[in-house]
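Following: one structure in structure tokens, then a few remarks.
Derivation of every value follows stated rules applied to the coordinates shown; laboratory data play no part. Quick caveat: nothing in here was measured; it's all calculated off a predicted structure. Neighbour counts run over all protein chains shown; Cβ positions are idealised from the backbone, glycine included.
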Amino acid sequence: MQTKTLDVKGMTCGHCKMSVEGALNKLDGVTAAEVDLGSGKVEVTYDETKISLDNMKEAVEDQGYDVA
């Protein structure tokens, strides 16, 4: 298992938090996703043999947010 912090732009509210966490948690290989709205960071715990960082970024971007 790996833990990576993503820097996500555009999250401002509880709905944003739920959208991003929900999109990441649905991915096969992601075991946890925790959004910190104050810092704009998302801490993701995942199995690097099942999912790539690019797949996670794409899932967040599909929700309408930018990953730095």
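Tabulated data
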quantity: Selection count, the stretch 15-68, where residues are aromatic (Phe, Trp, Tyr) and either under 11 Å from Lys4 (Cα atoms) or out of contact with any strand residue (DSSP E or B) (no Cβ under 7 Å at 6 or more places or on another chain) (or both); calculated: 1
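Conditions (1) surrounded by 14 or more Cβ atoms within 10 Å (Cβ to Cβ); (2) more than 12 Å from Val60 (Cβ to Cβ); (3) in contact (Cβ under 8 Å) with a residue 12 or more places away in the chain, marked per residue:
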residue: Met1; (1), (2), (3): no, yes, yes
residue: Lys9; (1), (2), (3): no, no, yes
residue: Cys16; (1), (2), (3): yes, no, yes
residue: Glu21; (1), (2), (3): yes, no, yes
residue: Gly29; (1), (2), (3): yes, yes, yes
residue: Gly38; (1), (2), (3): no, yes, no
residue: Val44; (1), (2), (3): yes, no, yes
residue: Thr49; (1), (2), (3): no, yes, yes
